[in-house]
Amino acid sequence: MARYIDAVCRLCRREGEKLFLKGTKCFGQKCAMTKRAYAPGQHGAARKQKLSNYGVQLREKQKVKRIYGVLEKQFRGYFEVASKTKGVTGKVLLQLLETRLDNAVFRMGLANSRSQARQIVRHNHICVNSIRVNIPSYLISVNDIIQVKTKEKALNKIKENLEISKDRTVPSWLEFNLNELSARVVRLPEKEDIQQPIHEQLIVELYSK
């Protein structure tokens, strides 16, 4: 499966805000957005372009893609599913992104970033309903049980991540059990459960043209 493998700090600089793609590293003084809060490239500091309506919509779509680590083809697929699903398209789109297994692992605090959560899933450390799942884009449903089942070495690393992320609140759509390192999906996520500001209507308007 295709994934972005270049430097991620330039993505935050391109969007003009911290996307926290490197987890706790984004809070330090070495963060690129702290040192160079302007667009990447030779003329990034000097060129401050006023965006058109299309430009604003495009940047919002790019931002959301980068937050969840999804490339264009897959993201468009999510939008097409959302547009055919009963309900508000933007809300359904965000629910699809939030209920990805790698995002749920990140939300549980088992990983410091979504990219690290993706790696945990790919390395067969996660079970859904007692079945081992190694597909980061796997969509979880209400009443699914997500649980860590792995060897001691990997388990210690996951516990380290939990200690690092102990101040991060687990969203209320997940019922987290720290002792068993598991969580039950009690409901579908809402817009209020997303910690970063996202204007999903701009994405709907972009794809609806």
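The values are calculated or read from the model by the stated rules, or taken from the named source; none is laboratory data. Everything numeric here is computed off the predicted structure, so don't read it as measured data. Here the Cβ positions follow ideal geometry from the backbone for every residue, glycine too, while neighbour counts run over all protein chains shown. Side chains are part of the model used for accessible areas, which takes the heavy atoms of the whole protein and leaves out ligands, DNA and RNA. Shrake-Rupley method; radii C 1.70, N 1.55, O 1.52, S 1.80 Å.
At a glance:
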item	result
Search result, residues across the range 160-171 that are polar (S, T, N, Q) and either open to solvent by 100 Å² or more (accessible area, probe 1.4 Å) or part of a loop (DSSP other than H, G, I, E, B) (or both)	S165, T169
Residue within the range 137-149 that is surrounded by fewer than 20 Cβ atoms within 10 Å (Cβ to Cβ), outside any loop (DSSP other than H, G, I, E, B) and in contact (Cβ under 8 Å) with a residue 60 or more places away in the chain present	no
Test: E98 is in contact with an Asp or Glu (Cβ under 9 Å, 6 or more places away or on another chain) and either more than 30 Å from S182 (Cα to Cα) or among the acidic types (D, E) (or both)	yes
Near pairs, Cβ below 9 angstrom, 6+ apart or cross-chain, from the range 61-81 (crowded, with 19+ Cβ neighbours inside 10 Å) to any residue that is among the acidic types (D, E) and in a loop (DSSP other than H, G, I, E, B)	K63/E17
From the options V142, V121, residue that is within 17 Å of the chain's Cα centre (by Cα) and under 27 Å from I198 (Cα atoms)	V121
Of all residues making up the range 172-205, the number that are surrounded by 14 or more Cβ atoms within 10 Å (Cβ to Cβ) and either among the aromatic types (F, W, Y) or more than 26 Å from K84 (Cβ to Cβ) (or both)	7
Qualifying residue in the range 158-181 (condition: free of Cβ contacts under 8 Å to residues at least 24 places away in the same chain and under 16 Å from R122 (Cβ atoms))	no
Test: residue in the range 20-38 that is among the hydrophobic types (A, V, I, L, M, F, W, C), farther than 24 Å from P189 by Cα and either modelled with pLDDT of 80 or more or touching a Pro at 6+ places or on another chain (Cβ under 7 Å) (or both)	no
Any hit, the range 107-121, residues being outside any loop (DSSP other than H, G, I, E, B), of a type outside the set (V, I, T) and at pLDDT 95 or above	no
